[in-house]
Amino acid sequence: MQRMIFPFAAIVGQETVKRALLIAVVNPKAGGVLVVGEKGTAKSTLVRSLAEITGEARLIELPLNATEDMVFGGLDMQYALEQGKRRFLPGILARANNQLLYIDEINLLRQEFLGSLLDAAATGVYRVEREGISCLQAAACTLIGTMNPEEGTLSPQMIDRFGLYAAVSREKNETDRMEIMRRILAYEARPAEFCRQYAAANEAVKQQVAIARSLLQAIVVPEAMILLAAQMCAKAHSPGHRAELFLLEAARAIAALAGRTYLLPADLEEAACYVLPQRMRQEEQPLPPEPPEQNEPEPPGEEPPEQPDNQPPPEPPASQQEREQPAEQPVPPAGQPESQGSDQEKVADIDTTFPFIRMALALPQDRQERRGSGKRSLTRTDTKQGRYVRSGIPHGQVTDLAFDATLRAAAPYQKFRNTAQCAIAIEREDLRQKIREKRIGSTFLFVVDASGSMGARERMRAVKGAVCAMLQDAYQQRDQVGLIAFRRQTAEVLLPITRSVDLAQKCLRHLPTGGKTPLAEGLTAALKVLAFRRQKDREMKPVLVLVTDGRANTTATGGDGMADALKVAGKIHKTGVHSVVIDTESDFVKLGLARTVAREMGSAYYSLRELSEHNIMHIVKNLS
């Protein structure tokens with residue numbers, strides 16, 4: 001018995017998402033749509049209800065547990081057994097040609113699997129090379145994905161492949177929430193009668209889509225609209241040039257839905273609401289000049305004049321002051337520049353208003369087989385607990401037989417083998433091993449600058465808030481964490497690597513600031529902790545998070561603090577440890593020393609302000 005589909009016209013609210021879905025249905029060149037929202041906001045119901053209004057185009061749903069051969073196609077087993085020959089059997093993607101392909105919980109798919117799907121949908125074709133088969137298939141489908149960001153999000157590269165982005169939110173009005181309950185209860189009690197009530201409204205939407213499709217080919221994009229699209233995308237600092245094309249195609253669909261064969265600026269403005277929000281970037285600022293070597297004389301005019309001890313530093317112009325310094329930060333007392341800090345110890349509170357930060361490990365595919373538990377990242381495993389994703393030729397004894405792949409390998413040869421009254425004859429060279437993947441946690445080692453300069457302008461309060469926000473994400477993903485603080489002349493391991501995130505937060509709460517900045521000692525301590533931990537757990541995937549302004553001004557050996565820090569940073573880079581540098585510098589005149597450390601360490605680089613605005617930290621290798 002087939003369950004009746006909840007009518008598209010019966011869904012309360014969510015007008016933005018409905019509009020985005022209609023645009024994607026009318027014009028496949030708009031790039032599909034990614035629907036994002038929290039649980040229970042009718043994401044799947046909205047998409048599945050399209051099946052009754054899309055006309056000839058069918059909605060094909062991709063199961064979350066679909067294997068590669070189910071999606072891309074593979075060997076036709078029945079033909080191989082009967083004829084002893086290989087023949088290609090198309091998969092779900094081939095059946096979705098010129099149709100709508102729906103992927104629920106798209107963020108849970110493997111990245112390389114999803115990347116292949118997006119490539120096929122964008123180009124309209126894909127090639128299969130497997131099991132002695134070489135085949136080119138058409139796959140010009142409109143991709144629709146839904147996801148709950150609480151379960152993990154997609155990388156910016158994957159999100160950029162979708163033309164449209166629609167955010168679903170819960171209804172806050174009490175009347176609307178009551179109406180939602182009434183309609184759901186009525187639908188569950190008498191589904192057929194409920195659907196008949198909205199049949200006319202559904203048919204009206206279906207006719208609107210059909211008319212819009214017929215008008216679409218007549219809509220020509222004039223030069224003025226091309227210029228307007230380019231200006232919009234340039235103003236949004238959109239990376240790449242997909243945005244302009246998606247913007248124009250979405251605007252064409254909007255005009256067609258309005259029954260017009262010409263474009264208006266308002267069409268592009270509405271399309272921008274779906275195309276540009278996920279692509280907007282801040283304007284890239286030029287890198288500050290690197291400070292000259294201490295042993296070399298500095299060129300005249302480049303060093304700001306020194307201020308007497310009893311005089312405050314010069315104030316920048318008002319317009320620059322607003323850009324460089326947030327209004328809520330208190331100005332340091334006169335006579336004590338922020339760069340000098342204070343030798344007096346003080347304990348800053350944790351900024352509880354700092355937004356949640358999600359740490360995304362956009363790392364290369366992990367080919368090492370690992371064990372463990374967690375939810376952070378996918379890895380290969382030699383246990384039988386992970387998900388079966390593909391098969392391979394075994395090296396030695398078969399411990400986890402891939403029965404389906406074994407049958408496919410043996411099928412073409414059945415005509416030439418002695419089956420001995422067996423349904424199928426399998427020989428040793430046909431055996432295939434399952435390759436499984438599972439999610440495991442990572443190990444985050446936080447190395448925090450607790451010198452006097454961090455206490456200026458209550459900077460440490462924001463730092464503690466940022467680290468606590470990252471610790472919350474580590475707790476959700478079942479990661480291990482450790483904490484090192486460096487100040488005065490030494491670095492102290494406040495918390496060895498553990499799964500207790502609560503202990504890390506307690507250590508951070510009582511961490512005082514004061515003294516000079518022994519950055520080299522902090523990085524050296526991190527190297528020792530990771531090396532010791534690796535002896536116990538060779539499968540560990542460590543990530544070093546350095547929080548500092550980079551102003552190394554002391555070292556235990558009495559040498560050049562910055563030079564020693566860069567040497568240790570180079571050692572960390574050679575070990576291959578993935579790392580992130582969070583720059584806390586907020587002075588009007590920025591030296592950019594933390595960026596120099598990040599470059600030497602091969603780290604991803606973020607400023608503290610970037611984290612508070614973007615709420616996500618992509619942990620990638622710095623290849624510059």
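The values are calculated or read from the model by the stated rules, or taken from the named source; none is laboratory data. Small disclaimer: the values here were computed from a predicted structure and weren't measured. Every residue, glycine among them, receives a Cβ derived from its backbone with ideal geometry; neighbour counts consider all protein chains shown.
Quick check on segment 111-123. Is at least one of its residues in a loop (DSSP other than H, G, I, E, B) and either assigned by TED's automatic domain parsing to the domain that holds residue 80 or in contact with a helix residue (DSSP H, G or I) (Cβ under 8 Å, 6 or more places away or on another chain) (or both)? Within segment 111-123 (the criterion being in a loop (DSSP other than H, G, I, E, B) and either assigned by TED's automatic domain parsing to the domain that holds residue 80 or in contact with a helix residue (DSSP H, G or I) (Cβ under 8 Å, 6 or more places away or on another chain) (or both)), the answer is no, since none of the residues qualifies.
Looking only at residues of segment 530-563 that are surrounded by fewer than 22 Cβ atoms within 10 Å (Cβ to Cβ) and among the acidic types (Asp, Glu), we find that the one that is modelled with the highest pLDDT is 560.
Looking only at residues in segment 42-75 that are within 14 Å of residue 6 (Cα to Cα) and of a type in the set (Ser, Thr, Tyr), the one that is nearest to the chain's Cα centre (by Cα) is 44. When 460, 470 are checked against the criterion of being outside any strand (DSSP E or B), out of contact with any Asp or Glu (no Cβ under 8 Å at 6 or more places or on another chain) and closer than 25 Å to residue 561 by Cα, 460 stands alone in meeting it.
To keep it simple, each residue is scored yes or no on (1) under 30 Å from residue 415 (Cβ atoms); (2) not acidic (Asp, Glu).
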| position | (1), (2) |
| --- | --- |
| 65 | no, yes |
| 68 | yes, no |
| 85 | yes, yes |
| 98 | no, yes |
| 109 | no, yes |
| 112 | no, no |
| 132 | yes, yes |
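Checking 51, 42 one by one, the residue that is touching a residue at least 24 places away in the same chain (Cβ under 8 Å), surrounded by fewer than 21 Cβ atoms within 10 Å (Cβ to Cβ) and of a type outside the set (S, T, N, Q) is 51 and no other.
Applying the selection to segment 166-196, what residues are within 28 Å of residue 257 (Cα to Cα) and free of Cβ contacts under 8 Å to residues at least 24 places away in the same chain? Selection gives 196 alone. Residue count for segment 506-529 satisfying the condition of being closer than 17 Å to residue 465 by Cα and either out of contact with any helix residue (DSSP H, G or I) (no Cβ under 7 Å at 6 or more places or on another chain) or surrounded by fewer than 20 Cβ atoms within 10 Å (Cβ to Cβ) (or both): 6.
Yes or no: residue 21 surrounded by 18 or more Cβ atoms within 10 Å (Cβ to Cβ), in contact (Cβ under 8 Å) with a residue 12 or more places away in the chain, in the same structural domain as residue 188 (by TED's automatic domain parsing) and over 25 Å from residue 269 (Cα atoms)? No. Could you check, for segment 97-104, whether at least one of its residues is crowded, with 18+ Cβ neighbours inside 10 Å and assigned to a helix (DSSP H, G or I)? No - not one qualifying residue is present in segment 97-104.
With the condition kept exactly as written, say whether any residue in segment 585-594 is closer than 14 Å to residue 449 by Cα and at pLDDT below 85. Yes, because at least one residue in segment 585-594 is closer than 14 Å to residue 449 by Cα and at pLDDT below 85. Quick check on segment 66-89. Is at least one of its residues in a loop (DSSP other than H, G, I, E, B), modelled with pLDDT of 80 or more and of a type in the set (Ser, Thr, Tyr)? No, because not a single residue in segment 66-89 is in a loop (DSSP other than H, G, I, E, B), modelled with pLDDT of 80 or more and of a type in the set (Ser, Thr, Tyr).
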